[in-house]
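In what follows, a single structure is set out as structure tokens and then discussed.
The values are calculated or read from the model by the stated rules, or taken from the named source; none is laboratory data. Remember, predicted model here, so these are calculated numbers, not experimental data. Quick reminder, even Gly has a Cβ in these numbers, built from the backbone with ideal geometry, and neighbours come from all protein chains shown. Just so you know, the surface numbers come from the protein's heavy atoms only, side chains and all, with ligands and any DNA or RNA stripped out. Shrake-Rupley method; radii C 1.70, N 1.55, O 1.52, S 1.80 Å.
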Amino acid sequence: MLPLLARVLVWQQAVMRRNPFGMDICCRKGSRSPLQELYNPVQLELSNTAVLHQIRRDQVTDTCRANSVSSRKHRVLTPNDLKHLVVDEDHEMIYCYVPKVACTNWKRVMMVLTGRGKYSDPMEIPANEAHVAGNLKTLNQYSIPEINHRLKSYMKFLFVREPFERLVSAYRNKFTQKYNTSFHKRYGTKIVRRQRKNATQEALHSGDDVKFEEFVAYLIDPHTQREEPFNEHWQTVFSLCHPCHIHYDLIGKYETLEEDSNYILQLAGVGTYLKFPTFAKSTRTTDEMTAEFFQNISSEHQAQLFELYQLDYLMFNYSMPGYLKLE
């Protein structure tokens with residue numbers, strides 16, 4: 001069964017590259033699907049936004065093609081690879097969520113879209129409720145034929161962020177906040193044990209004072225990568241959403257979050273009554289803050305870390321940070 005899924009995924013990419021307008025797009029009764037709105041708009045003149053997203057799609061396609069040997073490795077996707085893809089049946093959309101890229105608010109929006117009237121205001125949904133697995137349906141819960149149909153006919157989107165800014169945001173949230181005891185126990189104690197010489201018994205037991213330098217050393221340690229996949233909060237977008245296997249119709253960016261999000265809601269036909277919730281968080285990780293965290297990272301470790309996230313940098317058109325001291 002799995003080779004069928006892989007063949008359809010490859011076929012889908014090829015068709016979309018040749019002629020996205022020629023797809024057999026299923027649409028909701030009496031209305032146009034988001035795919036139709038995106039690739040065959042009523043207004044034939046493409047907007048600047050549509051052109052921007054075409055450029056982003058092309059960048060991903062070109063990067064996948066240029067890195068085909070190292071990135072694809074002839075790997076076949078399994079249903080388990082699709083657990084980050086949230087499905088909205090009513091609006092024919094699929095969203096691949098990436099932690100630390102506004103995924104809490106996007107999950108809230110998806111709950112409004114799929115809730116059949118149960119929710120109306122995304123911000124009334126508690127953050128922890130947005131992350132309860134049963135509140136949203138993911139693509140891996142469908143049969144292989146159902147997966148193939150949705151990948152072919154639904155609009156697929158994801159949001160990305162400057163990779164090291166996302167990484168520092170994950171570190172700050174998971175290792176510097178006292179309430180994240182589960183992360184301290186699961187990862188913090190392991191990091192302290194491996195990376196800290198002469199660690200105290202208290203540190204080995206609690207794991208709640210992991211330094212950023214230790215976190216980086218843990219990530220680049222070959223033993224870590226052999227042991228188990230990265231946690232989703234610091235896993236690459238390439239590995240979470242499989243953009244070289246799945247053709248994403250829209251690639252939103254954290255830097256243009258509000259515009260990109262509302263464009264998607266507009267394509268879904270809900271833009272008149274549903275806006276993406278935005279508010280400036282005073283604790284948000286910025287580029288300047290990220291640069292400060294990297295000041296104490298050796299050039300050797302910076303280079304090794306950049307190599308881990310290089311495909312995300314290339315694929316989503318982020319420049320190598322100027323603060324890196326690569327030799």
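The figures follow:
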item: Options [x] 169; [y] 153; [z] 135 - which one matches volume of the Cα convex hull per residue in Å³ as calculated here; result: [y]
item: Simple spin-label estimate for Leu324 and Gln266 in nanometres, 7 Å along Cα-Cβ; result: 3.4
item: Candidates Ala133, Ala170, Ala291: whichever shows maximal mean-square fluctuation once the chain is modelled as a Gaussian network with Cα springs under 10 Å; result: Ala133
item: Evaluated at q = 0.11, 0.18, 0.19, 0.21 Å⁻¹: base-10 log I(q)/I(0), Debye formula over Cα of segment 112-269; result: -0.63, -1.27, -1.33, -1.43
item: Portion, in percent, of the accessible area of the chain that falls on carbon or sulfur, probe 1.4 Å; result: 51
item: Accessible area (Å², per residue) of the chain, counting only protein heavy atoms and a probe of 1.4 Å; result: 50
item: Sequence-separation-based contact order of segment 142-237, relative, with Cα cut under 8 Å and 6+ spacing, percent; result: 25
item: Among Thr236, Thr290, Thr272: highest mean-square fluctuation, GNM of the chain, C-alpha pairs under 10 Å; result: Thr272
item: Prolate/oblate/rounded call for segment 249-301, Cα gyration tensor, a/c under 1.5 rounded; result: oblate
item: Charged-residue dipole, Cβ positions (Lys, Arg, Asp, Glu), the chain about Cα centre, Debye nearest 20; result: 820
item: Area of Val76 that stays accessible when all protein chains are in place (1.4 Å probe, Å², to 10); result: 70
item: Loop sites in segment 141-239: chymotrypsin sites (Phe, Trp or Tyr not before Pro), DSSP, at most 12 other Cβ within 10 Å; result: Tyr179
item: Residue among Glu292, Glu92, Glu37 with the largest mean-square fluctuation in a Gaussian network model of the chain, springs linking Cα atoms under 10 Å; result: Glu292
item: Relative contact order (percent, whole number), segment 189-306, Cα cutoff 8 Å, 6+ residue spacing; result: 22
